[in-house]
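Any read-out appearing in this document is the output of simple, stated calculations on the displayed coordinates, not a laboratory observation. These numbers come from a predicted model, not from an experiment. Cβ: placed from backbone, ideal geometry, glycine included. Neighbour counts: every protein chain shown.
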Amino acid sequence: MRCVIRYKYCMSVGLAELSFKNVRLPLLALVFVGGLSGCTSATPKVETEKTASCETVDWYELGRRDGSQGTPTNKLSNRQKECAKAASPDWETIYTNGRNAGLVEFCDPKNGYELGRMGVAYYYVCPSTVEPAFLTGYRQGQQARELELQNQKIDEQIDQLVQKLTAAENPNEKQEITQQLEELKKSRAKNDQELTKIITK
């Protein structure tokens, strides 16, 4: 009897690459059962680790962090699914208190402006009492972002036209490029004025 196993991985005999001669069925059954036991042995450890994490986590700090980042409300639903059995009975209240404290930081209008300017999505998590002011700042930030992106494109166009102007030899072509540059510079100056208005509000 000769049996050569080329790959010693956790898989059924049907997937293993075998070279065999005169191998009897009982031996194959033993290999299959042994492979299955090796594959399933890690599952209880994962469950144990998840349970331990839910029991030891600082729920207030976790909620505060989620709130300060403006995470969607379904984040709490995910926590509930993960830790409903393992956590202490009052973990949800502790988490919610922490989240509310984090939302005070997140929902500040100045933070809303910065988030809008960076292009960060808002999931409408702020309380109704402070959301209008937050949205005002957020939308001003979005306007500033749009103006800044326009200025970036204008700067790129100006650079290209300057290169063309340097290489141009025809007087008419030079005059046309110069006019285009003047228009772009006016547009950029107008955007800068609008940006100044937004920033100083």
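Listed values for the range 165-180 are Karplus-derived 3J(HN,Hα) couplings in whole Hz (6.51 cos²θ - 1.76 cosθ + 1.60, θ = phi - 60°), namely 5, 5, 8, 6, 10, 6, x, 5, 5, 4, 5, 5, 5, 4, 5, 4, and x replaces Gly and Pro. If R0 is 30 Å, the Cβ-Cβ spacing of LYS81 and LYS110 corresponds to a FRET efficiency of close to 0.30.
Which log10 I(q)/I(0) values does the range 89-146 give at q = 0.21, 0.30 Å⁻¹ under the Debye formula, counting every alpha carbon as one identical point scatterer? The calculated log intensity ratios at q = 0.21, 0.30 Å⁻¹ are -0.72, -1.13. In terms of distances greater than 32 angstrom between alpha carbons, the cross-link table entries LYS110/LYS164; LYS153/LYS201; LYS164/LYS201; LYS75/LYS153 yield LYS110/LYS164; LYS164/LYS201; LYS75/LYS153. Of the trypsin sites (Lys or Arg not before Pro) in the range 70-128, the ones in a loop by DSSP (not H, G, I, E or B) with at most 13 other beta carbons within 10 Å are LYS85.
Computed on the range 131-199, the Cα convex hull volume stands at 58 Å³ per residue. The alpha carbons of the range 61-201 give a radius of gyration and a Dmax of 24.0, 82 Å, in that order.
Each residue of the range 124-137 is assigned a 3J(HN,Hα), and the resulting list reads 6, 9, 6, x, 4, 6, 10, 5, x, 5, 4, 5, 4, x Hz, derived from the Karplus form 6.51 cos²θ - 1.76 cosθ + 1.60 (θ = phi - 60°), x at Gly and Pro. FRET efficiency for the GLN163 to ILE199 pair, using the beta carbon distance and R₀ = 45 Å, is estimated at 0.90.
Residue-wise HN-Hα couplings along the range 60-75, as the Karplus relation 6.51 cos²θ - 1.76 cosθ + 1.60 with θ = phi - 60° gives them from phi, are 5, 5, 5, x, 4, 5, 4, x, 5, 9, x, 5, x, 5, 5, 4 Hz; Gly and Pro carry x.
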